[in-house]
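The values are calculated or read from the model by the stated rules, or taken from the named source; none is laboratory data. This one's a predicted model, so the numbers in the text were calculated from it and none came from an experiment. Cβ placement follows ideal geometry from the backbone for every residue including glycine, while neighbour counts extend to all protein chains displayed. Protein only, heavy atoms only, side chains kept; ligands, DNA and RNA dropped before computing areas. Shrake-Rupley method; radii C 1.70, N 1.55, O 1.52, S 1.80 Å.
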Amino acid sequence: EMTTSEHLAARLRAFELIWEVQDAGAPPLDELDALLERATQDAWSDVQSACLLARLLHARWQGGDAPFVVWVDRLHAVAEESGDDAMLAAALASRALGRYTTVSGTSALEADAELARALALLDTCDSPPLERVNARLQCALGLYDRGLWELQEEQYALAEHLLPEVGDSLVAPVLIYNRASVNLT
């Protein structure tokens, strides 16, 4: 499938929105939802996945538990259908979080298995670097949830190695902040 410049611009904007929804200001949810709808209509699974990741991050930090589970499950379905192992890993890592397991009824053992599967997928996947960086950050959060700080730091180091391939991105400041935070812990 040929990627159009419009598709590429939508993909980059979706990844920018991942970071904007985490900002303390008003998240651009209307724009995010419009982009998600467009991506769904045009079958741009990479844009859909990035929008869904942004939505689940917003729900994780500012929304209720039930919407968080819905966005995680939607990301899981889109990533699995499209064969994007990095975004599948991001969904699995999000399913491993305590907040997800509490609402969904997933056991701690199942959650640990989801996180282990996410980490294994990232070690062998050939998804684009931007997807892999974002997935590593989600895995790091799953490891943080378990108090596994050394392994969390390893995920940040692996993500940092991908930064030269990502180019000019809002992901670098988030990665540096998260990495400093875990080192302080």
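Asp168 falls short on exactly one of the conditions (1) in a helix (DSSP H, G or I); (2) modelled with pLDDT under 95, and that condition is (1). Filtering Leu162, Leu175 for residues that are touching a residue at least 24 places away in the same chain (Cβ under 8 Å), part of a helix (DSSP H, G or I) and over 20 Å from Arg60 (Cα atoms) leaves a single hit, Leu162. Pairing each residue of the range 139-151 that is more than 12 Å from Leu115 (Cα to Cα) and aromatic (Phe, Trp, Tyr) with any residue that is open to solvent by less than 40 Å² (accessible area, probe 1.4 Å) and modelled with pLDDT under 95, provided the two are 6+ apart or on different chains, yields C-beta distances under 7 Å for Trp149/Val182.
For Ala66, are the conditions met, namely being assigned to a helix (DSSP H, G or I), of a type outside the set (Asp, Glu) and more than 13 Å from Ala135 (Cα to Cα)? Considered against the rule, which asks whether it is assigned to a helix (DSSP H, G or I), of a type outside the set (Asp, Glu) and more than 13 Å from Ala135 (Cα to Cα), Ala66 comes out as yes. On the stretch given as the range 118-169, residues that are basic (Lys, Arg) and open to solvent by less than 60 Å² (accessible area, probe 1.4 Å) total 2.
Taking the range 21-36 as the range and being in a helix (DSSP H, G or I) and either over 20 Å from Glu131 (Cα atoms) or touching a Leu at 6+ places or on another chain (Cβ under 8 Å) (or both) as the test, the residues that pass are Leu29, Asp30, Glu31, Leu32, Ala34, Leu35, Leu36. Give the range 11-57 a look and list any residue that's surrounded by 22 or more Cβ atoms within 10 Å (Cβ to Cβ) and either in contact (Cβ under 8 Å) with a residue 60 or more places away in the chain or small (Gly, Ala, Ser) (or both), or say none. Scanning the range 11-57 gives Ala14, Phe15, Ile18, Ala39, Asp46, Ser49, Ala50, Leu53, Ala54.
Select from the range 73-131 the residues that are of a type in the set (Asp, Glu) and not in a loop (DSSP other than H, G, I, E, B) and list them in ascending order. Asp73, Glu80, Glu81, Asp85, Glu110, Asp112, Glu114, Asp123, Glu131 - these are the residues of the range 73-131 that are of a type in the set (Asp, Glu) and not in a loop (DSSP other than H, G, I, E, B).
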